[in-house]
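Notes for the one structure printed next.
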Amino acid sequence: MAAIVVPVEEFDLVVFGGTGDLSRRKLLPGLFHRFAAGQAPAGALIIGAARAALDRAGFRRFAREALEEFIAPEHRPEEKVAAFLEMLDYQQIDAEGEGGWPALGRKLKGREGRPRAFYLSVAPQIFGSICSRLGKARLVTPLTRVVVEKPLGRDLASARALNDQLAATFDEHQIYRIDHYLGKETVQNLMALRFANALFEPLWNAHHIDHVQITAAETVGVGARGGYYDKNGAIRDMVQNHLLQLLCLTAMEPPSHFDPDAVRDEKLKVLKALRPIDGAAVDTEIVRGQYSAGPEGPSYREEAGDPESATECFIAIKIGVDNWRWAGTPFYIRSGKRLKARHTEIAIRFRDAPHSIFGDAAGALRGNVLVITLQPNEGIELRLNIKEPGPGGMRIVSAPLDMSFGATVGAGFRMPDAYERLLMDVIRGDQTLFMRGDEVEAAWAWIDPVIAAFEKGRAAPCPYQPGGEGPMESHILLHRDGRRWREIA
């Protein structure tokens, strides 16, 4: 089986913050890969827009350096690089003033009949200003989309204010709130596994699933971002968006159709069914942590620049989904920095077999586990109980059944980065993998009471040694329920 590339039509894309880190690391390399694969047409126009005093040639030099830094030589033949750079233009612009807007309008004039996307790779504080100026400059067409990055607010009130700012210029169907986790191939395959196979969906409920674990572990600390990170913490940085989105895709009911609103309607129902955690429950169902100093570097508090910081860089939460499908099956989520490995996965742990016919000598029959790995190596694995090979009796062991789809597309296949898929979805006008405004607000409505409890001193962060699996208290969280975390590896 070969990977299929479906070209998109010619488009215009303006990247505000075009000389920033996201543009350099992800957007420009991702757009190049889609062009080299034959998906993005040569007639597309990509405009970088930023405060830097560059011209077209200067932006193309910036883009070439980005491609050379983040794309291996074998994936960037010079003829493709040269052709891609011809698609790039640049406009110096004042996002909060009047400078540059008439010139940007001239670059886009006469191109109203093609998809037009504005990617706001800038601080959220100026989303509203840019959107307002796009409207005043009459740059918003019926085929226009706007893409915004997290953070989408700091709480429910600010998220609502941001949604209002976007809605003042754009209709909801034009707004693409991006979460790069949802662009990963394995996340999309989670939906395919559930809804394209009769094997799994009948078992996808509390009667057959003991619990679900969602882990996002990083080896790096907060580093130079310490001051910024300390104002947000893991609950705002990871839980409110990435981890809750993965939980929703795991727990949602089958949508009536695979279209954007049908999928997002079901995710919204999950968010509204999350059991509230507030008051004393915060201390029993949530564990927070901060890494200590070690050979890898200084402690979290040192990097945050606050010796009294009570902000978490590790968090583990037991979450209940109060509906008929999941009542009694907990979802455990955790995320942390300076852990033993960089690893993100969703693990569905099925219930143990109700009875063993093989006797004590065969060993315990462990529940099957379906593991969807998002990074670093995307893949899917189902652990089954089988007979240990060889003579000498019946001994049962757990063995993996590899269902990795990556191996089916042949040697030399490069797994596309999540941004590549999401950028092309923006051009196609497909919002399935993007968050809707009411989703964002529902997530904050659940998170706000938890943050309020933190601010009152609940679930104070526990210190943990770097290079491990987080604070011991996070293991106790599961041990109380007779369960244990999967090893981070």
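Of note:
- Accessible surface of the chain [probe 1.4 Å, protein heavy atoms]: carbon and sulfur percent: 53 percent
- Counting heavy atoms of the protein chains alone, residue 219 has an accessible area of about 60 Å² for a 1.4 Å probe.
- Sparsely packed loop sites in the range 305-397 (the GluC sites (Glu not before Pro) outside DSSP H, G, I, E and B with at most 11 other Cβ atoms within 10 Å) comprise 308.
- Low-density loop cleavage sites - trypsin sites (Lys or Arg not before Pro) in the range 97-143, where at most 16 other Cβ are within 10 Å (DSSP): 109, 111, 138
- Qualifying trypsin sites (Lys or Arg not before Pro) in the range 213-258, where qualification requires a DSSP coil assignment and no more than 14 other C-beta atoms within 10 Å, comprise 231.
- Label-point separation, residue 123 to residue 83 (7 Å along Cα→Cβ), nm: 4.1 nm
- In range of the label at residue 293: residues from the range 449-487 whose backbone nitrogen is under 15 Å from the point 7 Å along Cα→Cβ: 464-466
- Projected label points at residue 456 and residue 322, each 7 Å from Cα along the beta carbon direction, are separated by 1.8 nanometres.
- Length gained on full extension, residue 272 to residue 386: 37.1 nm, using 0.36 nm per residue less the C-alpha separation.
- Spatial separation of Cα centroids for the range 264-286 and the range 423-481, in angstrom: 10 Å
- Distance between modelled label sites at residue 160 and residue 65, nm, 7 Å Cα→Cβ extension: 4.5 nm
- Extended-chain gain in nm, criterion 0.36 nm per residue less alpha-carbon gap, residue 72 and residue 205: 43.5 nm
- Selection among 279, 299, 328 by position relative to the dipole of the range 276-334 gives 328 as farthest towards the positive end (Cβ unit charges, Cα centre).
- Acute angle (nearest 10 degrees) that the helix 260-273 long axis makes with the longest principal axis of the chain, alpha-carbon atoms: 50 degrees
- Between residue 145 and 116, 117, 118, the built amide H atoms are under 5 Å apart, and every one of these is 5 or more places off in sequence or on another chain.
- Residue-span extension gain [residue 9 to residue 51] - 0.36 nm each, minus C-alpha spacing: 12.2 nm
- FRET E, pair residue 173, residue 198, Förster distance 51 Å, beta-carbon r, rounded to 0.05: 0.95
- Judged by the mean number of other Cβ atoms found within 10 Å, the most tightly packed of the peptides 185-196, 329-340, 476-487 leads the ranking 329-340, 185-196, 476-487.
- Against the chain, whose longest principal axis is taken from its Cα atoms, helix 437-455 shows a tilt of about 60°.
- Cα-centred dipole magnitude for the chain, charges only on beta-carbon of K, R (+1) and D, E (-1), debye, nearest 20: 240 debye
- R0 of 51 Å, Cβ-Cβ distance residue 306-residue 394: FRET efficiency to nearest 0.05: 0.30
- Relative contact order (%) - the chain, alpha-carbon pairs under 8 angstrom, separation at least six: 18 percent
The values are calculated or read from the model by the stated rules, or taken from the named source; none is laboratory data. Note that the structure is predicted; figures quoted are calculated from it, not measured. Neighbour counts run over all protein chains shown; Cβ positions are idealised from the backbone, glycine included. Quick note on the areas: whole protein, heavy atoms, side chains included, nothing else; ligands and nucleic acids left out. Shrake-Rupley method; radii C 1.70, N 1.55, O 1.52, S 1.80 Å.
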